[in-house]
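Read through the structure below, which is laid out as structure tokens, and then see the notes.
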């Protein structure tokens, strides 16, 4: 026989991503234990063959822009594969978008974060899901607008189609900020907004990058008479006519293929002011801070998804006389990846819990979240691309093949480090927060100090952090301060992760993290844990239960 199939890995079916000890421990630790059942329900659906098939189809069949109909009328519509709508409907139905705002439980945002974490189906549709979630915070700067739109933004009805927003059963929101001359420099926005007698504004300008252009409403920045301001702009006006928002082309991106991202021309399009004129950046930052939280969730979820596939493959693949997972060098790689993933998840759940507490009036948690969101956004989104590259390699050539699911994860990894501010923007935001709100530094260090005395490597790292903070923040040379920002933010992230793991993580994971990331007994690639470490409990903790 010339075609005998053996030594092949079975499909990863029957595995629920909610069977993640670090996630469940974080959920229970911060008061969200009652949400475990709904998190498990979402995880089971995400891992189902049907949802996985929809995810593949949505990415394989990219959205198509139709600027005009057959008669020459401008229509500016994007056609999606039906699989996109199926995945979107499930995500909205589970409340992964705005439902946390309509949930009076004290752990609503933590529960939503946990559900989003176990929904690693495909990344494209998460963009509008995340923007819808975050838009509520910005809209609340204008109570009249919020009273009309918020009930529909939190609705669990996915009502796709171009109709007046307030006639629909549910809404999806987008964000339209970036311009070709400015990028992350929002002060360089040239789009203008002219006030009208009825209280609306007419917006004219060109936006270089607008994701999910078929959303129902958008928050965008434009220059008003009072300065840079935030506006709500609907795709369809209340009278049923289409707003003058013209889609010029869709971007051909590295990844995120299922999500349409467009260049948009606004030609005297009608919009309404959100917040105050001249306060556009502070208003939109209400939204950006929460989409940054979703970047953190996405990076942690992506690490766990890649690790799960790597462990599943190596547990079933045999080479050189024994299972790959039993090979000492492979075990070192897998354990190292597991340590990184658990550190990311633990930081993610801590930040989601801080979001709840901040929304509920805890000032110290608000300060902690303000600074730590920028720190975590920078660091975790930097770590995911290297993590998924190593996880993919665990599958060898199989991992480089689309059917493994690893290439899709690999393509998605870089976008989170770019979206909502590149690494430099996030690092500079850390400096800005520390300079403008010194109390955020105190809140951050107070969290780190909760593990003081528990681990000598952590204590030494905390001392180094204080030294770096003192040297950088007292420097007179601002260029020198900026040049050192990335180094400082990395130290902050690692020290905080170490503190959280020492207090809350598995002892083997905490010891490995502190010995390598903090004590620096580590190489320059994954798989360089000290040989004296016992990797067995680390790997066993990360094993998907399907094995």
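The values are calculated or read from the model by the stated rules, or taken from the named source; none is laboratory data. Here the structure is a predicted model, which is why all the values come from computation and not from measurement. As a convention, Cβ positions derive from the backbone with ideal geometry for all residues, glycine included, and neighbour counts pool all protein chains shown.
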ask   = Quick one: would you say residue 25 is in contact with a helix residue (DSSP H, G or I) (Cβ under 7 Å, 6 or more places away or on another chain), within 23 Å of residue 172 (Cβ to Cβ), in contact (Cβ under 8 Å) with a residue 24 or more places away in the chain and buried (at least 17 other Cβ atoms within 10 Å of the Cβ)?
value = no
inquiry  = For the structure I just gave you, tell me whether residue 345 is under 21 Å from residue 118 (Cα atoms) and under 24 Å from the mean Cα position of the chain (by Cα).
reply    = yes
inquiry  = Let me confirm something: among 496, 472, 478, which residue is on the phi < 0 side of the Ramachandran plot and either at pLDDT 95 or above or buried (at least 22 other Cβ atoms within 10 Å of the Cβ) (or both)?
reply    = 496
request  = Kindly list the number of the only condition in (1) within 26 Å of the chain's Cα centre (by Cα); (2) at pLDDT 95 or above; (3) more than 15 Å from residue 219 (Cβ to Cβ) that fails for residue 173.
outcome  = (3)
inquiry  = Suppose we filter the range 425-469 for residues that are outside any helix (DSSP H, G or I) and over 18 Å from residue 520 (Cβ atoms); how many remain?
reply    = 4
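Conditions (1) surrounded by fewer than 18 Cβ atoms within 10 Å (Cβ to Cβ); (2) more than 21 Å from residue 131 (Cα to Cα), marked per residue:
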| position | (1), (2) |
| --- | --- |
| 237 | yes, no |
| 241 | yes, yes |
| 251 | yes, no |
| 299 | no, no |
inquiry  = Against the condition touching a helix residue (DSSP H, G or I) at 6+ places or on another chain (Cβ under 6 Å), in contact (Cβ under 8 Å) with a residue 40 or more places away in the chain and closer than 30 Å to residue 327 by Cα, how does residue 373 come out, does it pass?
reply    = no
message = When you scan the range 108-127, do you find a residue that is surrounded by 20 or more Cβ atoms within 10 Å (Cβ to Cβ) and more than 17 Å from the chain's Cα centre (by Cα), even just one?
response = yes
request  = Return the only residue of 541, 487 being exposed (fewer than 14 other Cβ atoms within 10 Å of the Cβ) and within 25 Å of the chain's Cα centre (by Cα).
outcome  = 487
message = Consider the range 45-73. How many of its residues are surrounded by fewer than 17 Cβ atoms within 10 Å (Cβ to Cβ) and either in a helix (DSSP H, G or I) or touching a helix residue (DSSP H, G or I) at 6+ places or on another chain (Cβ under 8 Å) (or both)?
response = 5
query = Any residue in the range 362-369 that is closer than 17 Å to residue 18 by Cα and crowded, with 24+ Cβ neighbours inside 10 Å?
reply = no
message = Being in the same structural domain as residue 309 (by TED's automatic domain parsing), more than 21 Å from residue 337 (Cβ to Cβ), surrounded by fewer than 17 Cβ atoms within 10 Å (Cβ to Cβ) and modelled with pLDDT of 95 or more is the requirement here; does residue 460 meet it?
response = yes
query = Of all residues in the range 303-342 being in contact with a strand residue (DSSP E or B) (Cβ under 8 Å, 6 or more places away or on another chain) and assigned to a helix (DSSP H, G or I), which is surrounded by the fewest Cβ atoms within 10 Å (Cβ to Cβ)?
reply = 316
